[in-house]
Amino acid sequence: MLVGEFGLHNPVVVLTAIGLEYEAVRAHLIDPRRVVYEGTWFEAGEVAGSGRQVVLAEVGPGNRPTAVIAEQVRTRFTPRAIIFVGVAGSLKPDVRLGDVVVASRIYAYDGAKHVSDEVFSRPAAWAASHDLLQAAKHALRGTEWTGRVRAGAFESDGPPTVHFKPVAAGETLLSSMDSELRERLTRVFNDAVAVEMESAGLAEAAAIGGVKTLTIRGISDYADGAKASADARGMQGVAAAHAAAAAMTALAALPLSVGEGGVDGQGSSTSDGAAVQGLTQVNTADRKGVVNAVQNGSLTINHHGSQATER
């Protein structure tokens with residue numbers, strides 16, 4: 001809930017790379033309102049059925065813009081946590097299209113020393129914030145969380161599986177089974193199950209700024225040269241919808257801190273009227289939830305017509 005003209009009380013910030021991912025998250029927010037800071041447009045709202053304050057932004061593809069926006073977020077909103085929500089390519093055959101990966105660790109795979117006849121990897125790595133990862137593991141057990149996914153977003157072979165595994169992030173869009181990069185990811189980062197382009201920037205900025213982070217990704221392709229075919233089938237939209245539903249479920253499971261969700265930002269009450277009274281409170285909101293919020297007795301659906309983009 002907004003405090004003052006543009007203030008919020010330690011919200012969770014959700015970053016996305018492209019419009020399709022942004023819209024998948026925005027569909028879960030009640031009454032999103034615009035906040036502009038240093039030229040970056042944010043929307044602030046509340047996750048349906050949770051009382052959780054969320055600030056949402058689209059940062060564009062790549063680790064560098066993600067790091068810049070993450071620092072803007074830290075200085076403007078003093079966030080409780082920053083979550084990256086989006087799509088990714090699978091590196092493992094058992095991590096299927098539509099599955100969700102919650103990153104237990106982020107690898108920045110681009111670091112290397114090149115000599116005349118060999119390449120020596122010099123990666124960086126960051127572990128996920130423990131309490132955020134614990135909340136996600138608790139909230140995403142079983143398939144109850146899929147109640148937040150919009151109708152029609154599942155693949156025909158059933159609900160998605162959630163994997164708590166490392167993710168590799170770099171500046172390259174991988175779409176080949178026999179490239180040098182694919183071989184290096186398999187050999188050096190063998191436990192990574194997905195590849196994407198933003199989380200290393202977020203992890204480094206957050207580590208410097210002392211902010212907790214988590215990455216949640218939906219699998220939209222196998223990074224195998226068939227990305228265009230998967231995109232044509234609508235898998236980016238499916239993967240984004242699954243990731244957004246998983247992320248909102250995990251956020252709803254986080255304990256509400258003092259003042260969060262209060263009508264005046266001072267901890268007098270949560271959005272459902274439960275008193276905080278100076279103690280951390282476990283949010284017991286409906287984990288199934290809905291994608292489209294019911295406001296004033298009517299169903300509201302927000303659409304902005306964004307398209308899937310090449311990543």
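Residues in segment 38-49 that are more than 17 Å from the chain's Cα centre (by Cα) and either part of a helix (DSSP H, G or I) or closer than 16 Å to LEU254 by Cβ (or both): GLY49 only. Restricting attention to segment 19-50, the residues being of a type in the set (Val, Ile, Thr) and surrounded by fewer than 23 Cβ atoms within 10 Å (Cβ to Cβ) number 4. When THR172 is tested against (1) modelled with pLDDT under 95; (2) in contact with a His (Cβ under 6 Å, 6 or more places away or on another chain), exactly one condition is not met: (2). Taken together, the residues in segment 3-30 that are farther than 23 Å from ALA67 by Cα, in contact with a strand residue (DSSP E or B) (Cβ under 6 Å, 6 or more places away or on another chain) and assigned to a strand (DSSP E or B) amount to 2. Residue by residue through segment 159-191, note down the ones that are within 23 Å of ARG141 (Cβ to Cβ) and assigned to a loop (DSSP other than H, G, I, E, B). Selection gives PRO159, PRO160, THR161, ASP191. Does SER104 meet the test of being in contact (Cβ under 8 Å) with a residue 60 or more places away in the chain, out of contact with any Cys (no Cβ under 7 Å at 6 or more places or on another chain) and surrounded by fewer than 20 Cβ atoms within 10 Å (Cβ to Cβ)? In short, yes. Taking the listed residues ASP94, ASP99, ASP178, ASP117, the one that is among the acidic types (Asp, Glu) and surrounded by 13 or more Cβ atoms within 10 Å (Cβ to Cβ) is ASP99, with no other qualifying. Which members of segment 187-220 meet the condition of being within 11 Å of THR66 (Cβ to Cβ) and among the hydrophobic types (A, V, I, L, M, F, W, C)? Residues satisfying the conditions are MET197, ALA200, LEU202, ALA203, ALA205, ALA206.
Rundown of residues vs (1) of a type in the set (Val, Ile, Thr); (2) in contact (Cβ under 8 Å) with a residue 24 or more places away in the chain; (3) surrounded by fewer than 22 Cβ atoms within 10 Å (Cβ to Cβ); (4) more than 20 Å from VAL95 (Cα to Cα), yes/no style:
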residue: TRP145; (1), (2), (3), (4): no, yes, no, no
residue: PRO160; (1), (2), (3), (4): no, yes, no, no
residue: VAL193; (1), (2), (3), (4): yes, yes, no, no
residue: LEU202; (1), (2), (3), (4): no, yes, no, yes
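Consider VAL35 carefully, then state whether it is over 30 Å from ASP178 (Cα atoms), in a helix (DSSP H, G or I) and touching a residue at least 24 places away in the same chain (Cβ under 8 Å). Here the answer is no, as VAL35 does not meet what is asked.
Pairs meeting the criteria (first residue in segment 59-75 and more than 15 Å from GLU171 (Cα to Cα), second residue at pLDDT below 95 and outside any helix (DSSP H, G or I), beta carbons under 7 Å, at least 6 apart or on different chains) are GLN72/TYR37; GLN72/GLU38. Search segment 51-63 for residues being under 17 Å from the mean Cα position of the chain (by Cα) and not aliphatic (A, V, I, L, M), and hand back the single one that is surrounded by the most Cβ atoms within 10 Å (Cβ to Cβ). Looking at residues that are under 17 Å from the mean Cα position of the chain (by Cα) and not aliphatic (A, V, I, L, M), I get GLN53.
The values are calculated or read from the model by the stated rules, or taken from the named source; none is laboratory data. Fair warning: this is a prediction, and the values are worked out from it, not measured in the lab. In this analysis, Cβ positions are derived from the backbone assuming ideal geometry, glycine residues included, and neighbour counts consider all displayed protein chains.
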